[in-house]
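Novice: Dropping a structure here in structure tokens format, bear with me for questions.
The values are calculated or read from the model by the stated rules, or taken from the named source; none is laboratory data. All values derive from a computational prediction rather than experimental measurement. Virtual Cβ from ideal backbone geometry, glycine too; neighbours counted across all protein chains shown.
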Amino acid sequence: MSQLPEVTASDVIGVSDLVALLRETFEDAFSDLWVEGEVGSLHRSRPGHLYFDLKDEAAQLRCAMFRGAASRLEFELEDGMRIRVHAKVDLYPERGSLQLIVSRVQAAGEGALRLAFERLKARLAEEGLFDPAHKQAIPEEPRRIGLVTSLQGAAVHDFLRALKVRQADADVLAVDARVQGEEAWREIVRGLHLLDAQPEVDVIVLTRGGGSLEDLWTFNREEVVRCLFELQTPVISAIGHEVDFVLTDAVADMRAPTPTAAAALVAPDGAALHQRLLALGERLQRAQHARLRDARQRLAVLRVGLAQPARAFRAQLNTLSAKLNALSPLAVMGRGFSIASRESDGQVLQSATDVSVGDEVGIRLLRGRLRTAVVAVQESE
Amino acid sequence: MTKRDVEKVSFEAALQELQALVAKLESGDETLEDSLKSFERGVALVRVCEQRLSAAEVRVSQLENGPDGPVESSLEPDA
């Protein structure tokens, strides 16, 4: 044993004092750090605090993210995810251990976001949020089109220009919302609710232009996805370019690949409608002309049909009338015969004994009539 | 249907009705009297649709949360 120098009581400090001193030193020196590493041993406490290790190949540090900060996370943490944390170093006195108190988290590269995206997508899909059964039909001719986007962005410009190009008859009610950054999701959710409460708005378009996965991340946030799911009004998600796919696309009643495409979904093409109308108008005229011509032809046929029986009737009538004529007593009298009748009762005489001398007899001739008196009756020739 | 009804129907509904009327007229199955009625209604539909198309425009307004609830103001679309 070597001889140690004498230690006086004044040279000794208590553990608490040292820890307090260290704590102060660390806090002063490392209060505003961005640290990158991989998440491990993630654990969520009942009150909502998050605890995890941040590590690389050679070292690791315990991290704590308290409830307030954890609730502002833009994506869910997962073991194995590479992240950057904004943190300060803290010494936990009861255990004398160092930890990072994390205030903000960013994804380190697209890998982390990709993973967060896949996990959230799987979880919400499991819940049925993307189920086609929940999808509402997009009205063909909306009275008012609700629009949630940044009024400074390219998307609103593209959308409105597309409506004009289509010569659409459209009434657009726009709500300005940031479409990127930490607070964007709140503004979007507020805008969606605002429009959903407007009875005249019968379709809502949520749109923004293209960007990186990180730029578009707001449209993968659970709050925004759930908000879209709960809207009463049918909603179209038109985020980024054709290749970009975000979770609002999956939950919306319809996805449009671009803001321009969204315009086509909500407003019929005026020029095309005009063409269709012209064609229908022409067909209408032509069909009516054909119908009238057809009617005229049928009328002509009927007229001929009506004339036919009349002619036959007339022929029959002529025959009958000839027969009748032949049978007429007048015709007989025309040949010199006359008709005698007893004047007293009009009885036609067939025998000389039908009258006596002195009786009056009327004689009908072809033309005129005679009144005569009988002077003699000869019973036979 | 009266003329008022024609003005109330949606554009797409009017076009579809027109299409059906034309098909019926073309089939020639209707009585002449009915076909005249169809034609008359078809002409009214064409006229109303024409008017709507020629009056088509894009109107844009902005909705914001004001102290007394949502406020709407007109916006000129930057074309």
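Novice: Would you mention how many residues in region A:59-74 are within 13 Å of A:Ser45 (Cβ to Cβ) and of a type in the set (Lys, Arg)?
Specialist: The total comes to 1.
Novice: Within region A:135-144, how many residues are at the interface with chain B (Cβ under 10 Å from one of its Cβ atoms) and surrounded by fewer than 19 Cβ atoms within 10 Å (Cβ to Cβ)?
Specialist: Total satisfying the criteria: 4.
Novice: While we're here: Can you name the residue in region A:62-99 that is part of a strand (DSSP E or B) and among the hydroxyl-bearing types (Ser, Thr, Tyr) and is also modelled with the highest pLDDT among such residues?
Specialist: Among residues in region A:62-99 that are part of a strand (DSSP E or B) and among the hydroxyl-bearing types (Ser, Thr, Tyr), the one modelled with the highest pLDDT is A:Ser97.
Novice: If you take the residues in region A:221-235 that are outside any helix (DSSP H, G or I) and touching a strand residue (DSSP E or B) at 6+ places or on another chain (Cβ under 9 Å), which one is farthest from A:Arg143 (Cα to Cα)?
Specialist: Among those that are outside any helix (DSSP H, G or I) and touching a strand residue (DSSP E or B) at 6+ places or on another chain (Cβ under 9 Å), it is A:Leu231.
Novice: Look through region A:145-202, keep the residues that are facing chain B (nearest Cβ under 8 Å) and of a type in the set (S, T, N, Q), and return whichever of them is farthest from B:Gln51 (Cα to Cα).
Specialist: Here the answer is A:Gln198.
Novice: Still on this model: Return the total of residues in region A:276-294 being within 10 Å of B:Gly28 (Cα to Cα) and at the interface with chain B (Cβ under 7 Å from one of its Cβ atoms).
Specialist: Of the residues in that region, 4 qualify.
Novice: Evaluate the following for A:Gly181: is it in a loop (DSSP other than H, G, I, E, B), over 28 Å from the mean Cα position of the chain (by Cα) and not acidic (Asp, Glu)?
Specialist: For A:Gly181, the condition - in a loop (DSSP other than H, G, I, E, B), over 28 Å from the mean Cα position of the chain (by Cα) and not acidic (Asp, Glu) - is met.
Novice: Here's a check for you: in region A:102-134, which residue that is part of a strand (DSSP E or B) and crowded, with 18+ Cβ neighbours inside 10 Å is modelled with the lowest pLDDT?
Specialist: A:Ala107
Novice: Of a type outside the set (Ser, Thr, Tyr), farther than 23 Å from A:Glu182 by Cα and touching a residue at least 12 places away in the same chain (Cβ under 8 Å) - does that describe any residue in region A:98-110?
Specialist: yes
Novice: Something else about it: Out of curiosity, is A:Ser103 touching a helix residue (DSSP H, G or I) at 6+ places or on another chain (Cβ under 6 Å) and polar (S, T, N, Q)?
Specialist: Answer is yes for this residue.
Novice: Do you know which residues across region A:17-37 are out of contact with any Asp or Glu (no Cβ under 7 Å at 6 or more places or on another chain) and assigned to a strand (DSSP E or B)?
Specialist: If the condition is that a residue be out of contact with any Asp or Glu (no Cβ under 7 Å at 6 or more places or on another chain) and assigned to a strand (DSSP E or B), then A:Leu33, A:Trp34, A:Val35, A:Glu36 are the ones that fit.
Novice: How many residues does region B:57-79 hold that are at the interface with chain A (Cβ under 7 Å from one of its Cβ atoms) and among the β-branched types (Val, Ile, Thr)?
Specialist: The number of residues fulfilling the criteria is 2.
Novice: Still on this structure: Can A:Leu273 be described as within 10 Å of chain B (Cβ to nearest Cβ), of a type in the set (A, V, I, L, M), without any contact (Cβ under 8 Å) to a residue 12 or more places away in the chain and crowded, with 18+ Cβ neighbours inside 10 Å?
Specialist: Yes: the conditions hold for A:Leu273.
Novice: Another question, then. Conditions first: (1) among the aliphatic types (A, V, I, L, M); (2) under 30 Å from A:Arg186 (Cα atoms); (3) free of Cβ contacts under 8 Å to residues at least 60 places away in the same chain. A:Ala9 passes all but one, so which condition is the exception?
Specialist: (2)
Novice: Turning to a different aspect of this structure: Filter region B:47-56 for residues that are crowded, with 16+ Cβ neighbours inside 10 Å and either more than 9 Å from chain A (Cβ to nearest Cβ) or within 24 Å of A:Ala295 (Cα to Cα) (or both) and give the result.
Specialist: Once the filter is applied, which keeps residues that are crowded, with 16+ Cβ neighbours inside 10 Å and either more than 9 Å from chain A (Cβ to nearest Cβ) or within 24 Å of A:Ala295 (Cα to Cα) (or both), region B:47-56 yields only B:Val48.
Novice: For region A:239-247, check the following and say yes or no: at least one residue is outside any strand (DSSP E or B), at pLDDT 90 or above and either outside the structural domain of A:Ile83 (by TED's automatic domain parsing) or farther than 25 Å from A:Ile83 by Cα (or both).
Specialist: yes
Residue by residue, here is whether (1) within 22 Å of the chain's Cα centre (by Cα); (2) loosely packed, with under 13 Cβ neighbours inside 10 Å; (3) not acidic (Asp, Glu); (4) not in a helix (DSSP H, G or I) holds:
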residue	(1), (2), (3), (4)
B:Leu15	yes, no, yes, no
B:Leu18	yes, no, yes, no
B:Glu40	yes, yes, no, no
B:Leu63	no, no, yes, yes
B:Ser73	no, yes, yes, yes
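Novice: Across region A:254-267, which residue is farthest from the other protein chains (Cβ to nearest Cβ) among those that are surrounded by fewer than 21 Cβ atoms within 10 Å (Cβ to Cβ) and not basic (Lys, Arg)?
Specialist: Looking at residues that are surrounded by fewer than 21 Cβ atoms within 10 Å (Cβ to Cβ) and not basic (Lys, Arg), I get A:Pro257.
Novice: Let me ask something additional. Residue under question is A:Thr218, and the condition is that it be surrounded by 23 or more Cβ atoms within 10 Å (Cβ to Cβ) and assigned to a strand (DSSP E or B); does it hold?
Specialist: no
Novice: Can I ask one more? Somewhere in region A:143-152, is a residue modelled with pLDDT under 90, not in a strand (DSSP E or B) and not assigned by TED's automatic domain parsing to the domain that holds A:Thr25?
Specialist: yes
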